[in-house]
Every structure is written in C-alpha cells, then in structure tokens.
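**Student:** A single structure is presented below for examination.
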Amino acid sequence: MSVIAPKFRLAYFLKSVIDNIFWIIILVTLIAIPAIQIVLFYMDLPVIEGELLTAFLAFTWLFHPDMAIPLVKSLIHSDLFRIAAFPGFGFAALIAAGTIFVERKMLAKLQLRVGPFYCGKVEGILQLAADGLKLISKEIIIPAKADKPIFWVAPILFVGTAAAFVSLIPVAPGGWVVADLDVGLIAVFAVIGFFPIITILSAWSANSKYPFIGGIRALHQMVSFEIPLILSLLGVVILTGTLNLNEIVESQASFPWIIFMPIGAIVFFTAMLAELERIPFDLPEAESEIVAGWLTEFSGMMYGLVQLGSYVKLFAFAALFVTIFLGGWTGPVIWPPLDEQIITEGLPISDFRGQPLLTVSTPGLPLFDEDPNEWILQKHGLLEYTTGQLFFSGVIWFVLKTVAVIFFILLPRGVFPRIRIDMLLHIGWYKLIGLAFVNIFIALGLLYAGVLGPEGIF
Amino acid sequence: MTEQLIPETAEKMPPGLQLENVDDRIMTLNVGPQHPGSGHMRLIVRIDGDYIVDCDPDPGYVHRGEEKMAEVRNYILNIPHLERPVIHDSCNILYPYVLGVEDLVGIEVPERAKYVRVIAAELNRCVYTQYWLAIYGIFLGHSTMFMWPAGDRELLIDLLEKMTGARVTHSYFIPGGVRNDVPPNFEDVCLRQVDYFEKRIKEYADIFYDNPILKARTEDTGVLSTNDAIRLGTTGSVLRASGVDFDVRVKEPYDVYEELDVHTNVMKEGDSYARSKIPWLDMLESCNIIRQALEKMPKSGSIRTKLKPNPKGGNDEVFRRVESGRGAAGMHIISNSQPQPYRLKISPGSFRNLIALPYLLKGEKLGNMPAVYWSLNYWPVEADR
C-alpha cells in the first residue's frame, strides 16, 4: 500500500504554525517562567561592585559600557560557562563540527570529487546543520526486544563521557580548564576506561546480532589498546614527576616531549586511532561485514548523539596528544599584535582627506585580563604580556596544534583499507606494548643519565 | 498444539527460513539482501566466534526469466533485453548471442565490423572491471578505491557513448555487424582516452595493490587450489588466479582475436589478492588489445551486412562462448526454423564462480567474508538471469 503525500494547503500550514506558537506560549507561561523564578529565588546571585545582581540590574548594566565588561567577566569565570561553553563542551563541539566538515571536504578532494557543495551556497558549509536537522526530525525506532532504559541512555552517556574527557584538558594558561586535578592523567585514564563499557552496554541492550558482534569487537579493541595507550604516556610522567596536565604543559615551555620520545608519540597515536575506531581500525563499524557495527540499531538523533560524541572524543584525544607530546598551549606570543590602546579605546578610522571619521571600538581583550588595568602597566614597561594576550596566544597555539593532529587522524581514511581483528590484536599486544616499554626505558635512561628531569641539563 | 507445530513446519520451510537450532556457540547471520556487504543476494553464514563454520549462498532475488522471454521474441528483439543481466558489460554478454545467431542464419560479418566489435568489447570489459574494483575497494573499507575507479570509468563510458549512443545499455552488436559506424575522428579520441586511462589505472598499484595492509589482509585468504578451481568449474579471473592458463580469447578465438596478440595473465597463489589483481592486469591487457585493434582496423568499409527482415534460423542448434569480464560466457541457442529461438540457455561466468564460495569461506574469519566473496568476480544479476 502506498501512501500519497497530501497536497500542500496554506490553511493547514498556517494552522500548524499557529498551533505551535500557541503551545509554546502556554508552556512558557505555565512552566518555564515559574521554574525560572523558583530557581532565581533559591540561587545565590553574585555581588558585583558592591551590588547584588538581579535580572533587572543585569539588563540595565548590559547597555552600560563600564558595567558590561565586569558583568560579562563574571559570567565567563562562572563554572557553568566553563563547563558548557569555553574550555568545555561547546568549544569541543564547535571543533568537532569543523572536523566533520574538513573531513568530508578533504576526503572528497583526495578522491577526486567535490564533497558537500550546495547547502549554504559556499562549499556546502551548512551541510552539517542540514544533516543535524534531518536526524532530529527522524523517527526514533527501538528494537522490540531491546533493553529500553540502557538502550536509551547509552548515547547520552557516550556524549557525557566524551564531555568529561574534554573537561580535563587545559586549553590556555591561567587555569583555563574545567577540572584542574592533581591526578589529571589518572582521571583521563579513568574516563577512557568508560568507553568500552558504554559501547558493550549499548550493543548488548539492542538485542540484535550485528550490534552484538560490533560491541564485542569494540570491547576487544578498546581494552587491548588501552594498555599501550597508558604505557606510552608513562615516560612523560617519569620525566616530569607530575600527573597534573597543567604542569605537564608548563614543563614543555622550552621543547615539546615528542623530541625525546618519538616512539611514545607513535605508540600513543596508533592506540588513539584504535580507541577512536578510525580507519584502519574501524572494525566495530565495519560496513561490509556487520552493517554498522554497534551503531546499527540507533536511529534518528540517537545516532546523531553517538556521532557527536565520537567526534568530541576525537577532539579530546587529539588535545591530549597535544598536551602531552606537543607542548599544549605553550608557544611564542603571536596575537594580538595591535597596540593595546587601540583595542581598549577603539580604532580610529579617517576618510580620504585624513580627517577622523569614526572610531570602531574593538572590545574583548580586557575581558580576559585578570586585572582590567594591566594594559597600563604594560604600557609603562612593568609587564611583558597581559594575561589576556597570553590567553589568546595560548588558545591559538592549542587550536593550531590540535587541528594539525586531527588532520593526521583523518588522513589514513583516504589511504588505508580496514584491517582484520586478529591483525589488530596482534599489533596491540605484541608490537605496541613492546614499543611502549622501550619508550619507558628511554625515559628512565634520560632521567638517570641526568639529561632531563629535576637535575637535568635542560 | 503449537509446541508440536513448530518442528514440523521447520522442516518444510525452504533453506534459510528454517527455525534456528538453539546452540550456544553457533550464530546464524543473514547477510543480505539488505546488507551493505552483499549484492542482490543473501549469504546465510553460520559463525562460531569469529570463524565461519558454514556458508550457504542464496541467489535468485533478481531472477527475471531472460531465457523464457527470449522464446517469444524474434532474434532482433532479443538484443536489448539479453544485455540486461549485466548492463555494465552489455557488449560482452551480448557477444555470444550475436555470434550464435550469425552461425544460425549463416551471414558473413565485414572485417571492419569485427574490429569495431573487439574494441567495444574490450572497452566494456574495462568499464565493468572498474565498477567491480570500486565495490571491492569499499568492501575492504578503502573509500578512495571506491571513488577512483568509479570516476575513471567515465572516460570509457563517454567513449562508448560516442560509439553507440548509450552510456550503459548499448545494444550495439547485431547479427551481421554493429548497429552504426564509429564517429569520424574516433581513432584519435579512442587512443588518447585509452592512453590516459592506462596511466590512471597504473596509479591504483600505489594506493591499493601495493598497500601493505591490503596485502596482509587478503594474501592467503580463501585459497583456491588449481585442482579445486578446475573441479568446481570456475572460469575467468578466478581460474587464472589459481594458475590455469585459460582464456577464451586465446583458446577459442572469435572474430579477429586470432590476429591480435593477447597475453593471458596467470597467477599461482589462488588467494583473494591474486583474484583481485588478475582483473586489473586484464584491464591493462585490454588497453594493449584496443591499441592493436585500432592500428589494424580497416579505415573504411561496411560495418554491417544487411539481414532479411525477421530472419529465421534453420533446424539447428549452436553454442558459442566469449571471454566476458567474469569469465567464459556462453549461449546455447536451439532453433526450429522459426523467427524466434526454440530455447535459449545463458551460461554466465558469475554463477560458475559462485559455486566456489561455500568451499572458500569455510573456516575463514568473518572479516574475510567480503574480501573472499567479491574477489570471486561475481555479478548477482547475471547469475540469476
């Protein structure tokens, strides 16, 4: 029986739009506004410049130049902003979205085609948004005999674990990290250990054959590559004597660890590809063998969430590689090259006769200074770089290095076929673990020879 | 009652639909027909852990009754639908039919038409092999190897479009010659395109055939020994990859193949890697054949001997075979002095190669299944007819 699509009728369309608006108004007035008021009643609002912040005051200050900067600054330094927006999930999701676009275009160029092209007019830049809309609008189908609670919660747990991984990565100097732990590296290992559990739970709860085989493959792969992954990072821990990721980054101010530990970096990179299920290690999602592996039964936005989670995880692994082997945010201060005064007071623009026409204000930099008057100290030579300058420079270096590593993660997809599970386990257990121990012995040798470490010559 | 019914119905059901015996170790997978790793067919695979215990190919999803359809159409009307089983290799699958009808009707083919036919057949073999290679690439997870052959195929499709007027379903060969002459500057264009095509496919060695991961994965998987290859009746690239020097173009030359220098590529290993490399070597050989044919082809002359309308065969039968992209493709035509054949039997290479699949997959790992399956140079639609 075929279903014929109904004809488009303006009246029905308008009715559906008005219905939606009606229900939005009803729900907002009945549920959302009372809920916000209840939350505001119990929440401790910050005191800024001696005045208690209320919603009314916040809106008033937003249009007052002197008060807007401290207001936004207090927002930026709040925990919610850090978790949701900048060093946390929003930043990672943004880079993940960019990664998907770059992957598709780069792979297309490699394979002599154009890739996404029409959506968004300019080289298909909006293709990802279109795909996301499509996934959201699709029906979610759950297998009849699935273990429904676990099946529902698995994609959310996957994204949550990926976000927890991101929260441990330092992005810029001055404590720009969601969770600055003394046992940062151990916490990273703990979070990585969660991924196989989520994978096997989602695969098993679907109660279907192909997801089950894919889940078992993913379990084998992730558990056996976790060991070389952890062992390859121990060399750095031995030489720095710390597990705090911020301190590991600071120890690389003069040189990155990849110079002394290229073997560890290669082992980590290979294990990373396997943990991320990228080609040539994409056995858990091997299309021609087991349909889509452990993702087979996910539909609609559940699939979208797993994909988002896997790309956030990709960013997090690349960022961990940068943090440990490539020096994280360290690097010469390259931005902003402008005079601080221009940035704080605005850029004067004149017409062709040389007469001042208008001043374009470029606020932003003092927002990230710990003290808003740092630029005056810098002007008089008392301070080399303001904290804002260090922040921007650190973020730029971090993003550049991470993007470079992501590029190398994406590249094998155009070059290699998929390998088999026995070859994969052979690589993991025989070759990578041996190489990881070689790396540890190199680190110990460097330490006891006095080249590196606390009493070393560097 | 229901408890008794289940075992009874289980035995009556066709293979593959039987109720599964509950076994802790053996899992049955229905690979296809809606599976990215099957063609238009189903493989019923039983696995024990990661090892394949048993494989039962279940073709027939695209059976169209071409042989029965041929019995109610006259010899000319049969041409367009007999090429439907393999539209990517339509010239080669039509070749034995046209040769057979020429024998039945008793008609001579002009020399120029024979050369044009050989050129079209070799071009079409390359087009088919590129398509096959693309799917072999994506079955192994190599997406670049999917896109490159699928793109380079366009060169020869454009060439065939200039010759025949159609991109895939050419209907170019007719009893007595070819349907229309090649375009005026065809020799130059063809030579240029074929040279560029050869340069392109030589690059596949760098990214695919010399790839260490591909070699490690497909070497020594699904090994078909020389004796088994002959005993199971495989043809074409599968037979040649197992070390048997057999090519219909050389052993039973038809049209002008005996005047051309055709080299048969043979490999001794008999594994998936050899089976996937032989078609690629054959493509390079096809380029050589096309160049030779272009050189020797008469520059002008007739391309078709006119037939009487509604030709009738004698009270006779004929079997002709050619080397198609998948091996020896034969047609057995029985005529009883009527305008349409009394019986037409297509004997394609695909079905003969599929017979080897259960023997090759037994004991292999599940990850090798696509590599072994598609290396058999098998086209589901042609096997089903």
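**Student:** Answer with yes or no whether residue A:234 is in contact (Cβ under 8 Å) with a residue 12 or more places away in the chain and surrounded by fewer than 19 Cβ atoms within 10 Å (Cβ to Cβ).
**Tutor:** So residue A:234 fits the description; yes.
**Student:** If you don't mind, there's one more thing I want to ask. Sort out which residues of region B:337-357 are closer than 18 Å to residue B:129 by Cβ and in a loop (DSSP other than H, G, I, E, B), and write them in order of number.
**Tutor:** B:348
**Student:** Could you check how many residues of region A:272-290 are within 14 Å of another protein chain (Cβ to nearest Cβ), part of a loop (DSSP other than H, G, I, E, B) and at pLDDT 85 or above?
**Tutor:** So the count comes out to 5.
**Student:** If the requirement is being under 30 Å from residue A:407 (Cα atoms), surrounded by 12 or more Cβ atoms within 10 Å (Cβ to Cβ) and at pLDDT below 85, which of these qualifies: A:81, A:101, A:91?
**Tutor:** Checking each option against the conditions leaves just A:81.
**Student:** Would you mention how many residues in region A:98-112 are among the hydrophobic types (A, V, I, L, M, F, W, C), free of Cβ contacts under 8 Å to residues at least 60 places away in the same chain and more than 11 Å from chain B (Cβ to nearest Cβ)?
**Tutor:** The total comes to 1.
**Student:** Another question about this same structure. For region B:210-222, name all the residues that are within 11 Å of another protein chain (Cβ to nearest Cβ) and either assigned to a helix (DSSP H, G or I) or touching a Leu at 6+ places or on another chain (Cβ under 7 Å) (or both).
**Tutor:** B:212, B:213, B:214, B:215, B:216, B:217, B:218
**Student:** Still on this model: Inspect region B:185-198 for any residue being within 14 Å of chain A (Cβ to nearest Cβ) and of a type in the set (Lys, Arg) and give the result as yes or no.
**Tutor:** Looking through region B:185-198, none of the residues is within 14 Å of chain A (Cβ to nearest Cβ) and of a type in the set (Lys, Arg).
**Student:** Also, I was wondering about something else. Take the residues in region B:39-83 that are without any contact (Cβ under 8 Å) to a residue 40 or more places away in the chain and on the phi < 0 side of the Ramachandran plot; name whichever of them is farthest from the other protein chains (Cβ to nearest Cβ).
**Tutor:** B:77
**Student:** Can residue B:65 be described as modelled with pLDDT under 85 and surrounded by fewer than 24 Cβ atoms within 10 Å (Cβ to Cβ)?
**Tutor:** no
**Student:** Considering only region B:156-175, I want to know if a residue exists there that is touching a helix residue (DSSP H, G or I) at 6+ places or on another chain (Cβ under 8 Å) and within 14 Å of another protein chain (Cβ to nearest Cβ).
**Tutor:** no
**Student:** Collect the residues in region B:229-245 that are within 19 Å of residue B:265 (Cα to Cα) and in a helix (DSSP H, G or I), keeping them in residue-number order.
**Tutor:** Correct list: B:229, B:230, B:236, B:237, B:238, B:239, B:240, B:241.
**Student:** Select, from A:447, A:400, A:390, A:425, the only residue that is part of a helix (DSSP H, G or I) and within 14 Å of chain B (Cβ to nearest Cβ).
**Tutor:** A:425
**Student:** Follow-up question, since we're still on this one. Considering each of B:311, B:348, B:341 in turn, give the residue that is surrounded by fewer than 21 Cβ atoms within 10 Å (Cβ to Cβ), away from chain A (no Cβ under 14 Å) and not β-branched (Val, Ile, Thr).
**Tutor:** Answer to the selection: B:311.
**Student:** Here's a follow-up. Counting just the residues of region A:138-148 that are within 17 Å of residue A:208 (Cβ to Cβ) and not basic (Lys, Arg), which one comes out surrounded by the most Cβ atoms within 10 Å (Cβ to Cβ)?
**Tutor:** A:146
**Student:** Filtering region B:120-147 down to residues that are among the small types (Gly, Ala, Ser), part of a helix (DSSP H, G or I) and without any contact (Cβ under 8 Å) to a residue 24 or more places away in the chain, which residue is nearest to the other protein chains (Cβ to nearest Cβ)?
**Tutor:** The extreme case among them is B:143.
The values are calculated or read from the model by the stated rules, or taken from the named source; none is laboratory data. Here the structure is a predicted model, which is why all the values come from computation and not from measurement. Neighbour counts are summed over all protein chains in view; Cβ atoms, including those assigned to glycine, are modelled from backbone coordinates with ideal geometry.
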